[in-house]
Structure formats: C-alpha cells, structure tokens
Amino acid sequence: MLLQEDFWPEEAVVSESHQEVPDLDSYDRVVVAMSGGKDSVASVLVLLEMGIPAERIHLHHHLVDGPESELMDWPVTEGYCNAFAKAFGMQISYSWREGGFEREMLRHDAATAPCNVPCGQERKLIGGNGPCNTRRKFPQVTADLRTRWCSGSLKIDVFRSWLANDPQFQTGRTLVITGERAEESAGRAKYLKFEPHRSDNRHGRWVKRYVDHWRPVHAFTEAQVWELIKKYRVVVHPSYWWGLSRASCRACVFASKDQWATVKLHAPDQFKQISSYEKDFGFTINRELSVEAMADGGKPFEVDPMWVEIANSREFTIPVITDDWQLPPGAFGEGSCGPT
C-alpha cells in the first residue's frame, strides 16, 4: 500500500491548501472524473491503494461528441471507460451536451444546447435557454477557455450541471476526484490539491451541496503514474499505443503536425470532416496552418494495426487487466491537449 510520502514527495509543488489528504471515510460518495487517460486511471488506483472499496467509487465520463457523433474524440473512449469500470467492479455514468462538439461549433444565432445528465433513475436536460450567439469556428489554441471553448462548454460546465442538479448531491458529503498533475504545465502547478468544488453550495440558504475537490496525483511525476498503472497491470487507452502521451480527443486542437499526420492516415474520414469544416468556416484551428498543411508537414507515428482497429471501434474488446503488462510507446513522449 502506498504511504502518504509516496503520494507527495518533498520536492513536489506545495499547494496553498493545508489539507493534503482528505478523510475519505467522512464522505458519503466518491466521484472520479474519468477521462480514460493515464492520470484519471492513476487517481482511481490511488483510491484503491488507500483501501477505498471499488463499490464506493463512482466513475463519470463526459462524452465530448455526445453518444452518436465521432467528429473529435476517439470512438473507443466510451468503450474503454466501460471496460475499465467493469474490470474493477465500479459504477460508471455519462453526461454530455446535446449535439456534442459539432452542434456547439455550428451554432449560428442560437443558444448553447442543454446538458444531458443523469438525475436519479432518469436523465434530464439542464439549461439550453441562454443567450443566442454564433460560433462557426473550432476552439482555438489558447489557455483562454472563452475561445478554447471545448473544455469549458463540453466538460467543465457539463460536469457542474450534473453535480448541481442530481438530487443525490444535495444530501451528505461528496468528494470529487480529478487527475491534473503539476508536472504537466505551469498553470496546473498552481492548482490546489484540495478545495471546495465549483459546484459546492454548503452555505446555500435553500439548496445545500457539500462537494469537495481533491487532486490525488497532483504531485506525481509521470514515472510514478506509470509505476502505479504497472502495479495494477492496467492496459491503458489506445491513444498511448498510437504514440501519444495523453488521452485527450484524437483530433485535439493542440495536436502537433505528427499527430495530425497520424489522424489523417489512420482515421481518414474523421480528418476529412474536420478539414472540410475548416474550409467552410474560412478559419483554421491553428490560425496559421490548416489541418491539411499540419498533416502534410508531419510524419505519422508507427501504429500496430491491432491498435488502429481497436481505436476505431466503439467497443474495447481486449482485457483491461493483463499479466503481460508493457509500457506503451506514448509513455514519456509527445503530448497534446492543453496549453503549457
């Protein structure tokens, strides 16, 4: 079992929070924002290391494209998250903005679509009555979430809508877990390890929600993340087997030339659709280069055909836990998805 000093070595970034490790037994529920990437997987494994039973851990994933479209994300991500939850005996739920990425991008004098979230035994549409305006462009390569709207509109806001509207969160105490690490960027290094979640409303007059936010792998190095994943013999998301170091959207706006070349080669339909939208908008993702120019200037990663097939499918059909664990090609490699 990992000790506290294994989580936060002396050289790690120190947050302003005085509470590094919350009392996990004091919470009625533990929710992990499960992207399917290595850091969210490691966050789940930290909970298991600390003795939290699998049945107490609720995984929640945001479908960036919604349940039907495949414009930006990996088709297999939902299947991978399902397979991971089943392998570890954990419950999992999903939320998305109606119409996903594509509808939000194509908005013309229209309001942002409502969020589709689980509420008790049913699903509800939350929001959708905001001001009308127009996007007609891809998210831009910037740290500003107003123009890099994919993270804010399709993940952060959707998650908050679920936490703020599902009745289960109006009683007891909830701990939300996310997998940001300080090593990833200067911005993430400034994140607090422990703080009230943005959906928290513990002092509300009419509706109270007690929701804390913990980042258990914030001080982890990438090497520590892989060591923990290796210990549990977890087969990671196909993105790492394609040579990427992160499991963001396959067509992440931060993708490099080599990554765009890889998408063009192994996901040609997805690439053509994105390229077509750039031409239609007259406005590229990169601002300086089109995705066609980016791909033509890059060199595709060498990808095992088996992982091409798995990544392009909707189901993750191989075991999540293996006795023949191997470090994937993307480990310690080229990243994407996010400003530095």
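The values are calculated or read from the model by the stated rules, or taken from the named source; none is laboratory data. Remember, predicted model here, so these are calculated numbers, not experimental data. Methodologically, a virtual Cβ is constructed for each residue, glycine included, from the backbone with ideal geometry; neighbour enumeration extends over all protein chains shown.
Annotations
- Among residues of region 166-183, those that are crowded, with 20+ Cβ neighbours inside 10 Å and either in a helix (DSSP H, G or I) or touching a Leu at 6+ places or on another chain (Cβ under 8 Å) (or both), counted: 6
- In region 321-339, the condition of being crowded, with 18+ Cβ neighbours inside 10 Å, aliphatic (A, V, I, L, M), modelled with pLDDT of 95 or more and over 23 Å from residue 183 (Cβ atoms) is met by no residue.
- Single match in 251, 247, 223 (criterion: under 21 Å from the mean Cα position of the chain (by Cα), closer than 30 Å to residue 323 by Cα, modelled with pLDDT of 95 or more and of a type outside the set (Phe, Trp, Tyr)): 223
- Residue within region 151-165 that is surrounded by fewer than 17 Cβ atoms within 10 Å (Cβ to Cβ) and of a type outside the set (Gly, Ala, Ser) present: yes
- The one condition from (1) more than 22 Å from residue 194 (Cβ to Cβ); (2) in a loop (DSSP other than H, G, I, E, B); (3) of a type in the set (D, E, K, R) that residue 86 does not meet is (2).
- Evaluation of residue 294 against the conditions (1) in contact with a strand residue (DSSP E or B) (Cβ under 6 Å, 6 or more places away or on another chain); (2) crowded, with 19+ Cβ neighbours inside 10 Å; (3) not polar (S, T, N, Q) shows that the sole unmet condition is (1).
- Residues located in region 184-193, provided they are of a type outside the set (Phe, Trp, Tyr) and either within 22 Å of residue 56 (Cβ to Cβ) or assigned to a loop (DSSP other than H, G, I, E, B) (or both): 185, 190, 192, 193
- Residues that are of a type in the set (Ser, Thr, Tyr) number at least 3 in none of the helices (runs of 4 or more DSSP H) confined to region 194-267.
- Test for residue 163: is it touching a helix residue (DSSP H, G or I) at 6+ places or on another chain (Cβ under 6 Å), assigned to a helix (DSSP H, G or I) and over 23 Å from residue 97 (Cα atoms): no
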